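Step one of this worksheet: look at the structure below.
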Amino acid sequence: MNIAADSCFIGQGPDMLDRFNSASAWERADAQWPNHEQRTLICARVSNETHDVRTFVFHTQDGQLFSFEPGQFITVSAEIDGKEVSRCYTISSPPTRPYTLSITVKRTPGGVMSNWLHENMKAGLALKAFGPSGVFTPSSGPAAKSLYLSAGSGVTPLMSMTRAALDLGPNRDIVFIHSARTPEDIIFRKELSTLCGLSDPLRVIHICEALGNEPDWSGPVGRLNLDLLKELVPDFRDREVFICGPGGYMDASRKMLLEGGHDPARYHQESFNFAETVECAEEPASTTADQTERTERSEHTGYTVRLARSGREFTMDGTQTVLVAARKAGVPLPSSCSQGICGTCKTKVLEGSVDMKHNGGIRPREIEKGMRLMCCSRPTSDLVLDL
Ligand SMILES: Cc1cc2nc3c(=O)[nH]c(=O)nc-3n(C[C@H](O)[C@H](O)[C@H](O)COP(=O)(O)OP(=O)(O)OC[C@H]3O[C@@H](n4cnc5c(N)ncnc54)[C@H](O)[C@@H]3O)c2cc1C
């Protein structure tokens with residue numbers, strides 16, 4: 001039989017393009033994992049991406065499939081030195097491969113969870129995690145043409161999107177510009193170059209600040225700027241931009257895009273950094289009732305918050321979360337998602353009361369014991385915290 005003669009080219013149906021850009025299309029009835037539900041993942045394998053970045057691949061304990069949107073994160077928890085520690089990690093694998101889920105973690109100097117994962121997580125070991133969450137996904141800005149910008153470990157959500165896009169067909173028009181310190185710091189370098197070979201419209205450009213141990217690096221050197229962007233992506237104004245990386249990089253990129261005439265409504269960013277996440281999450285969408293309540297609370301401008309262990313103290317009004325006010329007062333508290341999901345900022349309120357609107361990051365029995373999430377708690381009296 002002549003296979004070539006019997007086959008015909010059908011192309012990439014509109015359903016596949018729609019699927020990529022639609023939140024509901026990624027939902028699988030056989031794989032529901034709500035973000036407030038903690039499950040046990042089993043590590044299937046660990047691989048080195050760079051000298052300080054590793055990918056950890058997991059499957060479920062009961063063989064259930066995973067369901068999430070490309071770009072979402074999970075919140076992993078582990079007992080480290082006798083303390084329960086939780087951190088958010090973006091899912092770097094695509095939802096099109098639902099049997100496993102991977103996270104790609106960069107070691108943070110002095111960091112608790114990232115170093116613990118690098119040093120301890122191995123095939124066969126278990127890790128607890130809350131289900132997928134987050135709105136940095138293609139469905140937040142459906143578009144036919146995208147520009148992905150990332151730096152450092154900010155590559156992970158864009159890698160999930162790129163892998164998903166290519167799994168659904170080779171025709172998505174994506175330009176992916178990733179900035180790294182040196183060529184040997186480029187995460188997913190080989191895979192991205194392979195993916196480029198599989199898809200004509202996918203273009204991947206790596207920009208390195210320095211040559212490091214690769215003096216024959218032939219790509220752009222330095223930082224992304226408007227002239228370089230215009231040269232590399234002349235149609236950048238027509239593209240939906242998704243960006244993830246360190247705060248300074250995102251600030252500079254945002255300014256560059258505005259200056260270049262890119263429509264800010266077509267700009268989407270994800271921050272891994274506590275400070276920026278807190279700024280973004282400071283005033284989440286609120287109901288009229290919430291706003292009325294806040295206006296009443298704002299009339300009371302002088303709540304005192306005392307940290308019992310460190311003896312530090314600051315004042316705040318009732319409209320801000322304790323986390324935001326603490327940061328503004330120069331007292332950084334532990335935090336990760338800033339959305340009441342991950343539980344990193346869980347703190348015991350020793351005296352006083354707060355109004356907490358969480359998203360499942362704290363259990364009823366913890367609330368009974370006086371614990372609260374500082375990222376979504378606003379004071380209704382003076383406070384003493386166990387910090
Ligand atoms: C939505 C989201 C997605 C993310 N996705 C990824 C991802 O895909 N890959 C990835 O690598 N990371 C990701 N992150 C970041 C990740 O959650 C962690 O923040 C990161 O791994 C560092 O955690 P850690 O426990 O190792 O460091 P931490 O222990 O939280 O420490 C962070 C830094 O603060 C310092 N520090 C710690 N405690 C104190 C203190 N009391 N006072 C002063 N300084 C202190 C540490 O020395 C270190 O420099 C994501 C974050 C978010 C919010």
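The values are calculated or read from the model by the stated rules, or taken from the named source; none is laboratory data. Please read these numbers as outputs of a predicted model, since none were measured by experiment. When we count neighbours, we look across all protein chains shown, and the Cβ atoms used for this are built from the backbone with ideal geometry, even at glycine. Heads up: the accessible areas ignore ligands, DNA and RNA and are worked out on the full protein's heavy atoms, side chains in. Shrake-Rupley method; radii C 1.70, N 1.55, O 1.52, S 1.80 Å.
Below is a table of values for the structure above.
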item	result
Any hit, segment 126-147, residues being within 24 Å of Asn35 (Cβ to Cβ), out of contact with any Ser or Thr (no Cβ under 7 Å at 6 or more places or on another chain) and part of a helix (DSSP H, G or I)	yes
Evaluation of Pro109 against (1) within 24 Å of Lys346 (Cβ to Cβ); (2) within 8 Å of the ligand (Cβ to nearest atom) (one fails), failing number	(1)
Counted residues, segment 27-64 - those being among the charged types (D, E, K, R) and not in a loop (DSSP other than H, G, I, E, B)	5
Counted residues, segment 135-150 - those being in contact with a His (Cβ under 7 Å, 6 or more places away or on another chain), within 16 Å of the ligand (Cβ to nearest atom) and open to solvent by less than 50 Å² (accessible area, probe 1.4 Å)	2
Cβ-Cβ under 8 Å pairs, at least 6 apart or on other chains, segment 79-90 side open to solvent by 70 Å² or more (accessible area, probe 1.4 Å) and at pLDDT 90 or above, far side near the ligand (Cβ under 9 Å from one of its atoms) and assigned to a strand (DSSP E or B)	Glu79/Val85
Strands (runs of 3 or more DSSP E) contained in segment 162-251 and holding at least 1 residues modelled with pLDDT of 95 or more and surrounded by fewer than 17 Cβ atoms within 10 Å (Cβ to Cβ)	203-208
Spans of strands (runs of 3 or more DSSP E) in segment 300-387 with at least 1 residues among the acidic types (Asp, Glu) and in the same structural domain as Trp33 (by TED's automatic domain parsing)	none
Pick from segment 112-134, criterion among the charged types (D, E, K, R) and within 16 Å of the ligand (Cβ to nearest atom), ranking: modelled with the lowest pLDDT	Lys128
Counted residues, segment 91-102 - those being over 19 Å from Ser338 (Cβ atoms), touching a strand residue (DSSP E or B) at 6+ places or on another chain (Cβ under 8 Å) and buried (at least 20 other Cβ atoms within 10 Å of the Cβ)	4
